[in-house]
Amino acid sequence: MRVFITGASGWIGSAVVPELIGAGHQVVGLARADASAAALTEAGAEVRRGTLDDLDTLRGAAAESDGVIHLAFKHDIAFSGGFEEAADADRRVIDTFGEALAGTGRPFLIASGMAGLAPGRLATEQDGQDGQASGPADAHLTGGPAKRQANARATVALADRGVRSSVVRLPPTVHGDGDQGFIATVVAVAREKGVSGYIGDGANRWAAVHRSDAAHLFRLALESAPAGSTLHAVADEGVPIRTVAEVIGRHLGVPVASVSPDDAAGHFTWLAAFLGLDSPSSSARTRELLGWRPVQLGLVEDLDKGHYFATPSA
């Protein structure tokens, strides 16, 4: 297939691109900056210059492709107080791709999140996808997170318009060597504060997946996911945050300690809202549907490899 990808040079995309090329697909990646364009060219992909706001560019690229994978999201805006704005921009992109692909039967995948989807219990692929304005599992969500879940439902609904649409939900941490996301930030906070902290008793859990396993799922979904599928890229169903803190403390040689919920925002800053979530998730249906089997290291084993603790370069 000729596949158009947004976010092709990002953390997930830079693993998806070689996964697809290695399987014989032709990749066209959206690039805003020269560095992103160069990385895509080096990886063997074709470059389409533009941004998520260039809807005509996105529409044309989709029309020329056999499938689309939408990985980009305005995280910089979302994590600086503009989550709703980022979700609104994402909806415009999804609607644009949906219009371009309607009636073609071509695959259209988006990346979405599962953090906070079903607090306190094991979330499944069925949660939040019951066709209501807000499914019971995510009725507690508001603002940007609620809009992002609505965007995922809108993608699933494109199946009724002749698009082989699917949503790949990613867990709070997609880990691996080079990760600059949540886990890397937790490590940086521990290094700065001199203590590896967790909130409360630290029993809350995060689902996790290695970046390479997530990339493999995107390929399988592109090739064979049924229209209207919701998939979970989950290897570890739920790793207690206290366990993560203990591994970090051991590698950094700092004490491990509880941070009270009242002090969490001061200690972890913006990360506190995510670090306190209890978000275990299952991928049983995804594995059964597509035959996906994670083969990379789990989160704790990956942390123990040591690459998260390399001294930052000056």
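A few notes on this one:
- The H on the amide N of Thr173, modeled in the peptide plane, is under 5 Å from the matching H of Val209, each at least 5 residues off or on a different chain.
- Accessible surface of the range 163-314 [probe 1.4 Å, protein heavy atoms]: carbon and sulfur percent: 50 percent
- Ordering of 62-74, 273-285 by packing is 62-74, 273-285, highest average first (other Cβ atoms within 10 Å, averaged per residue).
- Helix-only [θ]222 nm of the chain, DSSP H runs n ≥ 4, -39500 (n - 2.57) each, per residue, nearest 500: -11500 deg cm²/dmol
- The smallest convex shape that holds all Cα atoms of the range 1-42, its convex hull, gives 56 Å³ per residue.
- Per residue, the range 245-288 exposes 49 Å² of accessible surface when a 1.4 Å probe is rolled over the protein heavy atoms with every protein chain present.
- Coordinate range along principal axes, alpha carbons of the range 96-249, Å, largest first: 56, 32, 23
- Shape box of the chain [Cα atoms, principal axes, largest first, Å]: 57, 45, 37
- The angle between the Cα long axis of helix 241-252 and the main principal axis of the chain comes to about 70°, on a 0 to 90 degree scale.
- Here the mean projected area of the convex hull built on the C-alpha positions of the range 215-263 is 6.1 nm².
- For the range 159-306, share of DSSP beta bridges that run antiparallel, in % to the nearest 5: 20 percent
- Converting the Cα gyration tensor eigenvalues of the range 209-314 into ellipsoid dimensions via √(5λ) gives semi-axes, longest first, of 32, 18, 12 Å.
- Aspartates and glutamates with Cα under 13 Å of Lys147, excluding same-chain neighbours fewer than 8 positions away: Glu84, Glu85, Asp88, Asp90, Asp138
The values are calculated or read from the model by the stated rules, or taken from the named source; none is laboratory data. Since the model is a prediction, treat every value here as computed from it, not as a measurement. Cβ coordinates were reconstructed from backbone atoms using ideal geometry, including for glycine residues, and neighbour counts include every protein chain displayed. Side chains are part of the model used for accessible areas, which takes the heavy atoms of the whole protein and leaves out ligands, DNA and RNA. Shrake-Rupley method; radii C 1.70, N 1.55, O 1.52, S 1.80 Å.
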